[in-house]
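The values are calculated or read from the model by the stated rules, or taken from the named source; none is laboratory data. Since the structure is predicted, the reported quantities are computational estimates derived from the model, not experimental observations. All Cβ positions, even for glycine, are placed from backbone atoms using ideal geometry, and neighbour counts span all protein chains on display. These area figures cover heavy atoms from the full protein model, side chains too; ligands, DNA and RNA do not enter into them. Shrake-Rupley method; radii C 1.70, N 1.55, O 1.52, S 1.80 Å.
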Amino acid sequence: MGVERLRDRPRLFSRRAELAAPPAGERPGFAHVASDQVYLDSACQSLRPQPVIDALTDYLLNYGACGGRVRYPWGRRVDDEVARTRALVLDTFGLSARRYSCAFTLNTTSALNLLVGQLPARRYARIITTHTEHNAVFLSTMTAARRAGIPRVVLERAADGRIETSGTDLTDALVVVSAMDNVTGVLTSAMPDLIADVHRAGGAVILDAAQAAPHALSHLRGLGADALCFSAHKMSGPSLGVVVATHEMLTSLELSVVGGGQVAAVTEDAFELLPEPHTRLEAGLQPWGEIIAFGAALGWRSGFRSAAGESLTVHEARLAARLREEIAALPHLRLLSPVGSPLVTVRPERVDGHRLATFLAHAGIMVRSGYFCAHHWLQEREAHPPLVRFSVGAHNTDADIVHTVAVMGRLMRGL
């Protein structure tokens, strides 16, 4: 059957009327998520549980004021709650406040650009990254190397995610790489060895942890990179970027983005920066409510239990494994994600990836299609057509997987 004829089969796109509504409590924290909608795009943005919504609403309704050097009660409460979130972030990653600070930005892309783009131009001899990076890394390292007038070295990765540094000069190198890629979900292996090798050569390591933070936290804890950049909105929190960086790296920045919230004093021709390292990345008014709600997200994630009593890690891993196994059995698909990946990315045959995603959307199944901001790797190097990515989250259930596989089965066998 051709792709065009799929439109003649509305039964393929019916909502999952054949499935009973999920029993009460099947989606802990997500009673507000409609039972006939299957959201499988958590690698882009996870859904927010009720405690996160409540924390943000509480701020907006009851003490929605500025933080930072104010003297009235609402502002002091904001400062206390924001400080609590910063401490929770450091604790989550097993890092000490004596060496690291936590700062907030718009998103991971903003975080990486603010760090890489403001590092001392003469501090590093070269910038090193890999071919499989998200555009947030690939483009920020490209522009930073051009501005600094230093070489940019793009390395290969082995099938297990190891970065192939053999023969590469790491002397005074700035290495900027992902801890887990956002296409196949492969974790960067041997990260402690990489960090140690770079540090011994006088360099520094910045990790894009946007996927690893929600899905492979145990691999990041106490790792010792110079900076981690990730997104609160991939970790059940509001739209927000997070930077955890050493005091040394933050205070070394040659700032090109400067404003209130960073300065202790200003004269006609000069200014004095505040001593707190995190302020180097926080010019102007901050999203106080979102920062506070991210603290609630971290607390909620650490105590999560599914309807079956699973931890968040176990719950998501089991659902992803089930989805991968059943998707792999369908015809006309090439599976790109290996066993154990939290993401299930496929290259469909006989149908364009964007059209397949549209067909799924008609059945209430929301997935991502395209190149997932990895254009150089997927489009230029591998010459893939648009791909389709399924990514599970805390809100997903076995019923979501059953419905998705049933609809996918009917679609792919009908081609």
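Worth a mention:
- Residues (touching a strand residue (DSSP E or B) at 6+ places or on another chain (Cβ under 7 Å), surrounded by fewer than 20 Cβ atoms within 10 Å (Cβ to Cβ) and touching a residue at least 24 places away in the same chain (Cβ under 8 Å)) located in the stretch 122-150: Ala125, Arg126, His131, Ile150
- Taken together, Leu90, Leu119, Leu114, Leu106 contain a single residue that is open to solvent by 50 Å² or more (accessible area, probe 1.4 Å), closer than 20 Å to Val243 by Cα and of a type in the set (A, V, I, L, M, F, W, C), which is Leu106.
- Residue match in the stretch 351-369 (condition: buried (at least 17 other Cβ atoms within 10 Å of the Cβ), over 18 Å from the mean Cα position of the chain (by Cα), hydroxyl-bearing (Ser, Thr, Tyr) and not in a helix (DSSP H, G or I)): no
- Contact map, the stretch 397-415: first residue under 23 Å from Ser42 (Cα atoms), second residue of a type in the set (Asp, Glu), Cβ cut-off under 8 Å, separation 6 or more or different chains; pairs are Thr397/Glu26; Ala399/Glu26; Ile401/Glu326; Val405/Glu326.
Residue-wise test of (1) under 29 Å from Gly289 (Cβ atoms); (2) not polar (S, T, N, Q).
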residue	(1), (2)
Ser166	no, no
Ala173	no, yes
Ala190	no, yes
Pro214	yes, yes
His219	no, yes
Leu223	no, yes
Met235	yes, yes
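- Pairs, first without any contact (Cβ under 8 Å) to a residue 40 or more places away in the chain in the stretch 251-275, second among the basic types (Lys, Arg) and open to solvent by less than 40 Å² (accessible area, probe 1.4 Å), C-beta under 9 Å, six or more apart: Thr251/Arg280; Gln262/Arg280; Leu273/Arg280; Leu274/Arg280
- In the stretch 44-69, the residues that are hydroxyl-bearing (Ser, Thr, Tyr) reach residues that are outside any loop (DSSP other than H, G, I, E, B) with C-beta atoms within less than 6 angstrom, at least six apart or across chains, in these pairs: Ser46/Lys234; Tyr59/Gly289; Tyr59/Ile292; Tyr63/Trp74; Tyr63/Arg77.
- Residues satisfying the stated conditions in the stretch 93-103, i.e. surrounded by fewer than 18 Cβ atoms within 10 Å (Cβ to Cβ), touching a helix residue (DSSP H, G or I) at 6+ places or on another chain (Cβ under 9 Å) and touching a residue at least 60 places away in the same chain (Cβ under 8 Å): Arg99
- If the condition is being of a type outside the set (S, T, N, Q) and open to solvent by 30 Å² or more (accessible area, probe 1.4 Å), then the stretch 370-398 contributes Tyr371, Cys373, His375, His376, Trp377, Glu380, Arg381, Glu382, Ala383, Pro385, Asp398.
- The set of residues from the stretch 267-300 being surrounded by fewer than 20 Cβ atoms within 10 Å (Cβ to Cβ) and acidic (Asp, Glu) comprises Glu268, Asp269, Glu272, Glu276.
- In the stretch 74-87, the residues that are open to solvent by less than 40 Å² (accessible area, probe 1.4 Å) and either at pLDDT below 95 or within 17 Å of Ser302 (Cβ to Cβ) (or both): Thr85, Arg86
- Summed over the stretch 35-67, the residues that are open to solvent by less than 30 Å² (accessible area, probe 1.4 Å) and at pLDDT below 95 give a count of 1.
- Residues that are more than 21 Å from the chain's Cα centre (by Cα), within 17 Å of Asp36 (Cβ to Cβ) and not acidic (Asp, Glu) within the stretch 382-407 comprise Thr397, Ala399, Ile401, Val402, His403, Thr404, Val405, Ala406, Val407, listed in sequence order.
- Filtered residue count, the stretch 31-61, keeping only those that are of a type in the set (Asp, Glu), more than 19 Å from Phe372 (Cα to Cα) and not in a loop (DSSP other than H, G, I, E, B): 2
- Note on the stretch 301-313: among residues that are in contact (Cβ under 8 Å) with a residue 40 or more places away in the chain and farther than 13 Å from Pro214 by Cβ, the one that is surrounded by the most Cβ atoms within 10 Å (Cβ to Cβ) is Ser306.
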